[in-house]
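The values are calculated or read from the model by the stated rules, or taken from the named source; none is laboratory data. The structure presented is a predicted model; accordingly, all values stated were derived computationally and were not measured. Every residue, glycine as well, gets a Cβ built from its backbone with ideal geometry; the counts of neighbours run over all protein chains shown. The accessibility values were calculated without ligands, DNA or RNA, using every heavy atom of the protein model including side chains. Shrake-Rupley method; radii C 1.70, N 1.55, O 1.52, S 1.80 Å.
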Amino acid sequence: MLATDQIPAYADNHPRLDPLREFTGLVQRMDTETLSNLPVFLSCESMFKDNFWQLKKMVPGLRDKNAYSFDFSLLEKHPKLLFQTKVIVYLWLNFEDQTKIPSKATRYGKFKSALNFLIEQRAECLSELQQPLLLNEYFEQLAAADESVSTIQQKLIALKKASHFDRLLPFQVGHSDLPLQETLRKVSHKRQQQTLVIPPRLMTCIYSESVALIEEAFSVKDELSSIKQQELTIYNDAKEKIEKKIESGTWKWLQPSKFTSKTAHQKTVTEEISREARDGRKKLYESSIKQLSIRRFNINSYADWLEYKRQLMNASLLVTQAFSGMRSSELLSIEIGDWFSTERDGETIYKVRADSYKFISGGVKKVTFVVAPVVFSALELAKALTESERTTLKYNELPYQNHLWLSQNKLSRMPVPVRNRGLNSRYNNLVRHINAEIEPGDLEELNIVNPGASMKLSVGQLWHITSHQLRRTMAVYLRRHDLASAHDIMYQYKHLSLTMALHYTNGATDAALNNFTPTTKAHDDSVIAYWEAKTFSSQSTLEESAKLLGHEPSWSLITNCMHAKACNSGILSSSPLSKELKHWAQERLQVIRDQRDQADNKALNQHFIQIENVLRKLLAEKE
């Protein structure tokens with residue numbers, strides 16, 4: 001608290017004996033007229049209404065002006081956030097006497113990280129950062145940023161300090177009790193243990209088998225739906241028959257009074273219903289299930305049929321998520337009628353709507369994902385497989401009548417929506433069926449697409465798959481093969497910052513470089529030399545690299561330098577250019593531009609500019 005002689009004077013120049021209570025009272029009453037004319041600190045010239053608070057005149061001879069300034073210009077288009085942030089900073093300046101002003105200015109600089117994040121999220125109020133999903137997204141962004149643990153810690157401290165006056169204000173930041181060290185460990189762990197990308201061979205194995213299961217079943221989806229409906233009818237008939245025997249007293253031994261508990265009675269009743277339905281199921285198997293045109297799954301018994309149904313649902317879930325990049329919550333929110341197609345330039349675009357919790361204005365919102373055509377087959381198959389579940393009373397009424405992902409392990413139980421926590425178990429069940437074991441080449445690829453990851457995997461082990469791996473794998477392989485830009489990933493994945501999109505695609509560049517081989521034909525005179533990866537360091541300029549090869553610097557040197565750590569494989573060429581070489585240069589140009597924009601130092605940025613200039617020169621030359 002400020003000393004009495006330091007209490008700031010208001011418009012009438014009369015000091016207030018309880019300035020903290022009076023200031024927070026003005027805030028609670030939203031007395032913007034009085035607040036606007038408050039000096040921000042003692043006799044400072046800057047007023048509360050200003051969007052730039054300068055306190056330099058408070059300290060004669062000050063050299064570092066930024067140490068005593070607070071710039072709110074980033075919030076000019078967000079009036080509510082602007083007002084609340086000014087309130088927080090004003091309270092820091094006037095009612096925290098244990099911290100120097102330069103430290104408070106530094107703290108505000110760190111707090112801008114949270115403010116920028118809220119702006120990206122289209123938030124209107126500081127209190128919206130209390131939402132668990134949003135807060136976790138912010139922590140993920142901190143983990144993705146290339147910053148020291150100390151910097152992340154300072155940003156977390158700024159968040160705590162912004163919450164210090166919550167009890168006195170009409171809005172609450174809500175993080176005064178944030179466990180600093182525990183949160184810091186979690187954020188650091190997120191950065192160190194990024195979700196693994198599935199190696200290409202294993203991805204092909206798992207995805208192709210899942211797609212094959214779906215496509216084969218899709219051709220007989222109506223028969224599958226009919227069989228499931230017949231199963232339900234057989235069970236319901238058996239249930240009705242047993243219940244009549246109990247109610248009429250025909251089966252005295254099965255009366256509830258004969259059992260010690262309701263659970264024991266219900267278990268025995270269920271067993272009797274199953275026995276009664278056995279003959280009906282056997283006839284169904286012989287007449288319909290056994291006659292299905294299925295070759296990719298051995299259905300030799302009714303138990304095999306039950307397993308087949310489970311794997312079809314597992315495959316439908318996996319393919320939908322793998323070829324859309326959806327979060328698990330988005331995947332499981334898909335309802336009947338949420339998939340549709342549009343035409344664009346004579347091409348069919350396949351789209352799926354889902355609920356997203358990332359756009360916080362107004363809560364949950366429907367967002368659209370562009371998907372592969374096979375996703376439509378997966379969704380239609382899932383719709384057919386769960387038709388009988390939707391006919392039950394519980395899901396035949398709003399809001400359940402349009403549920404897509406339903407699970408009913410036993411007909412004696414009511415169907416329930418597939419839950420997020422059960423996805424990984426389903427996917428690994430499918431991996432066991434496919435027998436997707438790790439091979440030596442997979443481990444090598446893992447180290448490329450998962451830089452810095454800690455992995456305890458061995459050859460012959462089944463790949464342990466998670467739902468988030470599907471999301472990150474898609475992002476990495478889209479970028480690895482130049483099928484999408486980072487901004488495309490950001491849009492498809494509903495990321496609210498480019499930083500998160502870049503974090504997801506970490507490893508894509510290294511993987512692209514690993515497989516890069518420029519066209520070098522013996523009869524192609526335009527190719528003068530080709531060198532292996534890491535022949536030259538990233539510090540070598542184009543001219544220095546050319547000299548190392550013994551050629552004049554004026555000859556065109558192309559380097560595929562897409563990573564800050566190494567100047568990788570490339571080619572040295574002179575006119576005339578081959579078509580293959582020119583096509584390669586065109587593909588690399590956009591990649592180099594993207595990398596230049598992300599360069600974290602001036603020297604690297606200049607290095608990319610040099611490469612970009614060479615590529616432009618090559619593309620301008622005649623073949």
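How many residues does the range 450-506 hold that are assigned to a helix (DSSP H, G or I) and modelled with pLDDT under 75? Going through the range 450-506 one residue at a time, the tally reaches 7. Any chance the range 125-139 includes a residue that's within 14 Å of L75 (Cβ to Cβ) and touching a Leu at 6+ places or on another chain (Cβ under 8 Å)? Yes, the conditions are met somewhere in the range 125-139.
Here K77 does not fit the description of being assigned to a helix (DSSP H, G or I) and either modelled with pLDDT of 90 or more or not aromatic (F, W, Y) (or both). For the range 429-449, the tally of residues that are open to solvent by 40 Å² or more (accessible area, probe 1.4 Å) and in a helix (DSSP H, G or I) stands at 8. The C-beta contact set for the range 71-93 (first residue on the phi > 0 side of the Ramachandran plot, second residue assigned to a helix (DSSP H, G or I), distance under 9 angstrom, 6+ apart or interchain) is empty. Scanning the range 255-266 for residues that are under 45 Å from the mean Cα position of the chain (by Cα) and either over 18 Å from K241 (Cβ atoms) or open to solvent by less than 40 Å² (accessible area, probe 1.4 Å) (or both) gives a single hit, T263.
Out of curiosity, is T233 closer than 30 Å to G441 by Cβ and at pLDDT below 95? No: the conditions fail for T233. Among residues of the range 277-301 that are at negative phi and free of Cβ contacts under 8 Å to residues at least 60 places away in the same chain, those with a Cβ under 8 angstrom from a residue that is polar (S, T, N, Q) and surrounded by 14 or more Cβ atoms within 10 Å (Cβ to Cβ), sequence gap 6+ or separate chain, pair up as L284/Q230.
State which residue is surrounded by the fewest Cβ atoms within 10 Å (Cβ to Cβ) when the search covers only the range 158-179 and only residues that are out of contact with any Lys or Arg (no Cβ under 7 Å at 6 or more places or on another chain) and over 21 Å from G25 (Cβ atoms). Looking at the filtered set, the residue picked out is D177. Scanning the range 415-428 for residues that are in a helix (DSSP H, G or I), buried (at least 16 other Cβ atoms within 10 Å of the Cβ) and touching a helix residue (DSSP H, G or I) at 6+ places or on another chain (Cβ under 7 Å) yields L423, N424, R426, Y427.
Of the numbered criteria (1) without any contact (Cβ under 8 Å) to a residue 40 or more places away in the chain; (2) of a type outside the set (K, R); (3) out of contact with any Leu (no Cβ under 7 Å at 6 or more places or on another chain), the one T268 fails is (3). Would you confirm whether any residue within the range 273-294 is farther than 30 Å from K245 by Cα, touching a strand residue (DSSP E or B) at 6+ places or on another chain (Cβ under 8 Å) and open to solvent by 60 Å² or more (accessible area, probe 1.4 Å)? No - not one qualifying residue is present in the range 273-294. E276 fulfils the conditions (1) farther than 30 Å from L213 by Cα; (2) of a type outside the set (F, W, Y); (3) not in a helix (DSSP H, G or I) except for a single criterion, (3). Out of F52, F70, one residue alone is modelled with pLDDT of 90 or more and open to solvent by less than 50 Å² (accessible area, probe 1.4 Å). It is F70. Taking strands (runs of 3 or more DSSP E) as the structural unit, those lying wholly within the range 292-379 and holding at least 1 residues that are in contact with a Pro (Cβ under 7 Å, 6 or more places away or on another chain) correspond to 347-356.
From L462, L470, L478, grab the single residue that is aliphatic (A, V, I, L, M) and crowded, with 22+ Cβ neighbours inside 10 Å. Can you show your working first?
Values: L462 fails: crowded, with 22+ Cβ neighbours inside 10 Å; L478 fails: crowded, with 22+ Cβ neighbours inside 10 Å.
Within the list L462, L470, L478, the selection yields L470.
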